[in-house]
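Structure record follows, encoded as structure tokens.
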Amino acid sequence: MVFQNLYLARTAQGTLTLENVALTEIAKQFGTPTYVYSKQAIKDNFMAYAAALEGQAHQICYAVKANSNLSILKLLAQLNAGFDIVSGGELRRVLAIGADPKKIVFSGVGKSSEEIQQALQAGIGCFNIESASELDQIAQIAAVHGLKAPVSFRVNPDVDPKTHPYISTGLKENKFGVAFDTALDLYRKAAGMMSIAVKGIDCHIGSQIIDSEPYMQALDKVLDLVEALEKEGISLYHVDLGGGLGITYKNEVPPAVQEFLQAILQRYVKRGHAHRTFMLEPGRSIVGNAGLLLMRVQVLKPGASKNFCITDAAMNDYMRPALYQSYSEIVEVQANSSPSALYDVVGPVCESGDWLGKDRSLAVAQGELLALLSAGAYGMSMASNYNSRNRAAEVMVDGSVCTLIRQRETIEDQLAAELSCL
Ligand SMILES: *Cc1c(COP(=O)(O)O)cnc(C)c1O
């Protein structure tokens, strides 16, 4: 099997290793379930974007919601990443690791007054506005504080990214962005507001996109709008094409970052926009393949029509299969010659939707370790305490060194907010 993470391999003895560390050692040291990330893979993924945009004024704003672990944010900040945030909580995270506020963009359809105020006072680079009323709200709060709010509109180019409906965001029927044909009016209005500084334009058409054509269509539509604005004397400093580039979970073939961006940039430059900063907001493609979920087989339960392999990881740890029937590879940590059988890999949570993989051929025994691959994005960041389960630990591997980057939650952590109310 070819691993999507270049730093994942099997030793001659059949033990799975990430960089130079055996996953069996990580389980021994930190327990399970544990998210494990390769530092080098995250770096490589980010640097592929940076390298492809070299020579063009650009800013890559990592989408924090994909994986918001502070150590990962700090690593990316060191590589010169900016950040795309969608809440006041994410703002606190990126400020906590010392990110440059100017490199923060704030997206989201329902920003609260409090969040807007915090972001304004932090001096973020741009608000990506998603509705007419949000423009008024931001303008009013900025005026009260005697500030000028830097803004872009997130326009909805109405292109079909051909991905799962839950993660498709650029269609007319989605809740995101402002309708394309009202954008001009909104820009005119914003340009005339004292407490607003019009900076750019933004779009984000979806996630796990494996076709570059929708991006091309979105770029063309966005640039049409930029040019129409220019004619009216409204000059934009940046064009932000959002995130959404897919990764391989099973047999998807997303475009390589280098070629993908080459084609996009070529069009961008040819249409005469090279002087504007080119921005992106990738999340999944930076961290997705860099991480895995290490888990242990709790119980093997043969059934009349199905065998179940019940692991100590569940839907509360990794929600994507339950949420959108997503596929992830699940492999034995220690390869062995025992006969394999077909299993549904499920967690112990009291929901039939609690599954991680269906009809998987595995050679496993109770107590053995499994790894669910490409779990670095929308894994830990979507974890919950359902069934009062403690959220997993997170470990970063760097060469031969493993560092705990988030302690396993304890039941005391969970109870604290309620015990104090008894
Ligand atoms: C989620 C999101 C992204 C990142 O999407 P990925 O598929 O993880 O690359 C970027 N921009 C916005 C506005 C988002 O909501």
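The values are calculated or read from the model by the stated rules, or taken from the named source; none is laboratory data. Note that the structure is a prediction, hence the values are computed from the model and not measured. Neighbour counts are summed over all protein chains in view; Cβ atoms, including those assigned to glycine, are modelled from backbone coordinates with ideal geometry.
Annotations for the structure displayed:
- Yes/no for residue 154 being exposed (fewer than 15 other Cβ atoms within 10 Å of the Cβ) and of a type in the set (Lys, Arg): no
- Of the residues 116, 141, 124, the single one that is among the hydrophobic types (A, V, I, L, M, F, W, C) and assigned to a loop (DSSP other than H, G, I, E, B) is 124.
- Figure legend. Inter-residue proximity from segment 91-109: first residues on the phi > 0 side of the Ramachandran plot, second residues outside any helix (DSSP H, G or I) and of a type outside the set (Gly, Ala, Ser), beta-carbon distance below 6 Å, spacing 6+ or different chains. Indicated pairs: 108/86.
- Close pairs (9 angstrom Cβ cut-off, 6 or more residues apart or separate chains): closer than 19 Å to residue 107 by Cα in segment 169-198, basic (Lys, Arg) and within 16 Å of the ligand (Cβ to nearest atom) anywhere: 169/175; 176/154; 177/154; 178/154
- The residues in segment 266-304 that are touching a residue at least 40 places away in the same chain (Cβ under 8 Å), away from the ligand (no atom under 16 Å from the Cβ) and not assigned by TED's automatic domain parsing to the domain that holds residue 381 can be counted, and the count is 9.
- Among the residues of segment 165-180, those identified as closer than 21 Å to residue 216 by Cβ, assigned to a loop (DSSP other than H, G, I, E, B) and within 16 Å of the ligand (Cβ to nearest atom) are 169, 170, 171, 174, 176, 177.
- Qualifying residue in segment 53-72 (condition: among the acidic types (Asp, Glu), touching a residue at least 40 places away in the same chain (Cβ under 8 Å) and either more than 16 Å from the ligand (Cβ to nearest atom) or not assigned by TED's automatic domain parsing to the domain that holds residue 377 (or both)): no
- Screening residue 69 against (1) polar (S, T, N, Q); (2) closer than 30 Å to residue 39 by Cα; (3) surrounded by fewer than 20 Cβ atoms within 10 Å (Cβ to Cβ) leaves a single unmet condition, (3).
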